[in-house]
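Notes follow once the structure below has been shown.
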Amino acid sequence: MKAKYKLPMGTKDYLPEECYKKNSVENKIMATFFSHGYRKVETPHFEYYDMFSEGVGEISAKNLFKMTDVDGGLLILRPDMTMPISRIVSTKLEESGVVKYCYLANSFSMKKEANRLREFTQCGVELIAPSSVALDSDMILLAIESLLSSGLSEFQLDVGQVAFFRGLLDELKLSKDDENSLIELIDRKDMLGVDIFAKRVGVCDEKLEALLRLPSLFGGVEVLDEAMELASNETSRRAIEELKKIYDVIEECGYKDYITFDLSLVNGVSYYTGVVFKGITRYFGEAILSGGRYDSLCSSFDKNKPAIGFAIGVDHLMRAIEKSSDINSMPTIDYVVGYSDDAYRTAYGVMKELRKRGFSVDNSYASSVEELSKYRSDRNAKRMVFVEGGAKDVKVRLNNLDRDVIIRENGEEEEF
């Protein structure tokens with residue numbers, strides 16, 4: 001098949017029904033963001049490659065869509081919105097003050113994986129403010145409320161603290177390459193691999209026990225006590241204490257049933273600096289939400305602006321909602337209107353008046369009652385109005401249109 005008939009891998013079209021459902025979910029989430037004081041920003045789809053050349057968090061340079069500018073400069077399609085917003089905050093805002101930004105945007109990834117979109121939509125927020133238990137708790141609460149507002153009721157937020165693992169890493173005094181190897185093994189929960197690795201690099205038995213117990217530090221608030229037993233340094237202990245305080249806030253707000261703790265969330269340790277969290281549901285096999293605190297990201301622009309945020313994968317969320325419950329279908333058209341060849345001006349007045357009254361009105365362009373009837377059936381519209389040529393002064397007669405009507409040449413309304 002010729003390429004012009006196909007879509008590039010990892011992209012998709014949204015036909016009206018699915019597009020409506022997608023927009024409905026997006027609007028609900030954005031309304032939640034707005035209600036919390038966040039304001040929307042937009043950034044270009046492409047940025048300079050230099051902004052991402054070192055790789056940001058889990059985003060490797062090899063997964064970036066690259067293109068050459070007219071002056072030879074290297075550009076990329078943005079892989080997410082966090083770095084562009086960090087650029088805005090670092091280059092366009094004053095030095096101090098709390099910043100609350102939200103976004104609804106498409107991002108891009110070169111990853112070639114089956115059933116994975118390479119152009120995908122995200123809703124997210126970025127809160128530029130110093131680290132505190134109150135702010136971190138508020139962000140987790142907003143994540144919960146955002147998912148609830150979308151129509152998804154069955155989900156969990158797995159909450160971790162990369163500083164807990166960072167404390168363990170610092171004690172091991174590994175090279176950067178060895179750190180990355182260990183992080184990858186723990187992220188895959190390959191404990192045999194961790195055991196082999198630890199013996200190869202000479203990790204003592206006490207530290208090895210802590211590493212091997214990481215995957216089991218998953219569950220309710222009780223796992224924080226278990227983690228504290230393994231914390232042999234101030235960094236790790238402080239991280240667990242912060243998680244306990246965050247739990248107390250979320251419990252007081254009535255949302256404790258939506259969170260679990262997972263101290264093995266370590267894959268973003270080079271990107272995140274504190275609390276991390278991801279949203280999961282039994283209706284979808286991947287995370288539908290991810291976020292955390294990243295106090296060092298703006299340092300890429302020589303600024304010290306601590307921040308926390310999260311992003312919701314809209315396409316993933318939609319699939320989860322569709323499996324768990326019904327997303328509202330497109331609203332039914334209230335009226336379809338047709339008219340004879342010389343009656344457009346009058347028909348337009350009818351449509352304008354109906355829309356003014358709050359009805360949805362579809363101009364069928366049908367020039368006969370038969371065509372209009374078929375169109376009404378195809379569009380599943382509630383009612384239809386046909387205007388004959390020469391009809392006058394029909395505006396004042398639109399008082400009882402809870403029926404199918406022909407407006408005759410003399411302006412009389414006739415039910416059919």
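In this rough spin-label picture, where each label sits 7 Å from Cα along the Cβ direction, the GLU119-ASP342 distance is 4.9 nm. Computed over the chain, the per-residue total of -39500 (n - 2.57) for DSSP H runs of n ≥ 4 gives a 222 nm mean residue ellipticity of -12000 deg cm²/dmol, rounded to 500. Computed on protein heavy atoms with a 1.4 Å probe, the accessible areas place MET110, MET9 in the order MET9, MET110, largest first.
Dimensions of region 294-356 based on its C-alpha atoms, expressed as ranges along the principal axes with the largest first, amount to 68, 36, 19 Å.
For the chain, the share of DSSP beta bridges that are antiparallel, to the nearest 5, is 75%.
For region 263-416, lysine pairs separated by 8 or more sequence positions, or belonging to different chains, with Cα-Cα distances below 20 Å total 8. Available extension along the chain between SER216 and LYS374 is 50.6 nm, counting 0.36 nm per residue and deducting the alpha carbon span. Shape class for region 1-124, computed from the alpha carbon gyration tensor (a ≥ b ≥ c): oblate, with a/c not under 1.5 and a/b at or below b/c.
Tell me which lysines have Cα within less than 29 Å of LYS4's Cα, excluding those fewer than 8 residues away on the same chain? Output for LYS4: LYS12, LYS21, LYS22, LYS62, LYS66, LYS111, LYS112. Protection proxy ranking for 338-351, 367-380, using the average of other Cβ atoms within 10 Å per residue and placing the highest first: 338-351, 367-380.
Centre-to-centre separation between the Cα atoms of region 221-300 and those of region 7-33: 29 Å. Sorting LEU169, LEU135 by accessible area puts them as LEU135, LEU169; the probe is 1.4 Å, largest comes first, and only protein heavy atoms count. The ratio of the alpha-carbon radius of gyration of region 1-47 to the globular-protein estimate 2.2 N^0.38 Å is 1.68.
Percent of accessible area on the chain owned by carbon and sulfur, 1.4 Å probe? C and S fraction of accessible area: 48 percent.
Using the empirical formula 2.2 N^0.38 Å as the baseline, the Cα radius of gyration of the chain reaches a ratio of 1.29. Specify whether the C-alpha gyration tensor of region 313-387 places it in the rounded, prolate or oblate class, a ≥ b ≥ c being the square roots of the eigenvalues: rounded for a/c under 1.5, otherwise prolate if a/b is larger than b/c and oblate if not. Prolate.
Starting from the Cα-Cα distance between ILE196 and GLU154, subtract it from 0.36 nm times their residue separation and give me the gain in nm to one decimal. Full extension of this stretch gives 11.3 nm more. Determine the shape class of region 54-189: with a ≥ b ≥ c the square roots of the Cα gyration tensor eigenvalues, call it rounded for a/c under 1.5, and otherwise prolate if a/b is greater than b/c, oblate otherwise. In terms of gyration-tensor shape, rounded. Extent of region 139-249 along its three principal axes (Cα atoms, max minus min coordinate, largest first): 49, 26, 23 Å.
Over the chain, accessible surface divided per residue gives 51 Å², non-protein components excluded, 1.4 Å probe.
The values are calculated or read from the model by the stated rules, or taken from the named source; none is laboratory data. Values in this document were obtained by computation on a predicted structure and should not be read as measured data. Positions of Cβ are backbone-derived with ideal geometry, glycine not excepted, and every protein chain shown enters the neighbour counts. Surface areas here come from the heavy atoms of the whole protein model, side chains and all, with no ligands, DNA or RNA. Shrake-Rupley method; radii C 1.70, N 1.55, O 1.52, S 1.80 Å.
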